[in-house]
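Single-structure report; data block below.
Laboratory data are not the source of any read-out in this text; all were calculated from the coordinates shown. In this text the structure is predicted, and so the values were computed from the model without any measurement. Note that each Cβ is placed from the backbone with ideal geometry, even for glycine, and that neighbours are counted across all protein chains shown.
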Amino acid sequence: MSDLIIKDLHVEVDGIEILKGISLSINKGEVNAIMGPNGSGKSTLAYTLMGHPKYIVTKGEIWLHGQDVLKMKPDERARNGLFLSFQYPSEIPGVSVSNFMRTALNAKRESRGLKQATVPEFLKLLKDKMAQLKIEQNFSMRYLNEGFSGGEKKRMEILQLAILHPEIAILDETDSGLDIDSLKTVAEGINTLRGPEMGVMLITHYQRILKYIKPDRVHVLIDGKIVISGGHELAEQIENKGYDFVREQIRV
């Protein structure tokens, strides 16, 4: 059985159907790229998986390790192994990176019946992960995302990913707004963390991040439906020919 299973998912926003029957499965150890033009429903899929109340599931199922995700509140989904990296991470004035991440980690550990990380244990973990991701140590004392550049905000999201180590990571347009150097840095961080214990759903509009993160599967979402899936070469075809190439393929 796959770790994350989505079956015939239909979702409405403000009474308008956005997702029109998504079926998809993701296993640990895999990177699945979700591509599609603007307005195709990519971010709707991400927010629906995490339980945003604006996104109403009218039909379908979502299962995580055999558990019914649709019966879980958003915080339960996070504690059970789902992680969402936002397209536009929010600033949280007055809350340091270190305190925010320690609170999140201990909430996850508590939900699983594990003892909370002591301050020295957490600080060692944080220091190790920051070194692994080549993030300067002084970032840990800054307020979360306050005054951060776009690239720095995305790197903080990847640091959260490293600390929490979820079973399924949903990365919503992580490449949005990044210059080429920041893109390479963020991609390197994701590649450092990918492995057999974590599955990744990488949502992107462009192929450029997939030059640095090679996906196992590529799924193209158009008008609320996955219309074609394939290997990483599918992303290259889209880069060269555009989404009209996909539309022509599905009309054949």
- Message: Defining a contact as two alpha carbons under 8 Å apart and six or more residues distant in sequence, what relative contact order in percent does the chain show?
- Response: 28
- Quick one: Met201, Met130, fewest Cβ neighbours within 10 Å first, how do they rank? Met130, Met201
- Task: Would you please name the chymotrypsin sites (Phe, Trp or Tyr not before Pro) within the range 95-189 that are DSSP coil residues with at most 16 other C-beta atoms within 10 Å of their C-beta?
- Result: none
- First check a/c for the range 57-115, with a ≥ b ≥ c the square roots of the eigenvalues of its C-alpha gyration tensor; if it is under 1.5, answer rounded, and if not, answer prolate when a/b is larger than b/c or oblate otherwise. oblate
- Flagged links, alpha-carbon separation over 29 Å, of Lys7/Lys214; Lys54/Lys124; Lys20/Lys129: Lys54/Lys124; Lys20/Lys129
- Note down the net charge around Ile18, summing +1 for each Lys or Arg and -1 for each Asp or Glu among other residues with Cβ under 12 Å from its Cβ. 0
- Of Met50, Met72, Met35, the most mobile residue in a GNM of the chain (C-alpha springs, cutoff 10 Å) is Met72
- Counting other C-beta atoms within 10 Å, which of Ile163, Ile92 has the fewest, and how do the rest follow? Ile92, Ile163
- For the chain, what does -39500 (n - 2.57) per DSSP helix run (n ≥ 4), summed and divided by total residues, give at 222 nm, in deg cm²/dmol to the nearest 500? -11000 deg cm²/dmol
- Cα-based helix-to-principal-axis angle, 150-164 vs the chain, degrees rounded to 10: 80
- Query: the chain: longest stretch without exposed trypsin sites (Lys or Arg not before Pro) (DSSP loop, at most 12 other Cβ within 10 Å), sites themselves excluded?
  - Reply: 135-252
- Report the label-to-label distance for Lys7 and Glu110 in nanometres (one decimal), using points 7 Å from each Cα along the Cα→Cβ vector. 3.4
- Query: Within straight cross-link reach of Lys28, meaning Cα distance under 13 Å, which aspartates and glutamates are found once same-chain residues fewer than 8 apart are removed?
  - Reply: Asp3, Glu167, Glu197, Asp216
- Task: Would you mind ranking Asp3, Asp181 so that the residue whose beta carbon has the fewest other beta carbons within 10 Å leads the list?
- Result: Asp181, Asp3
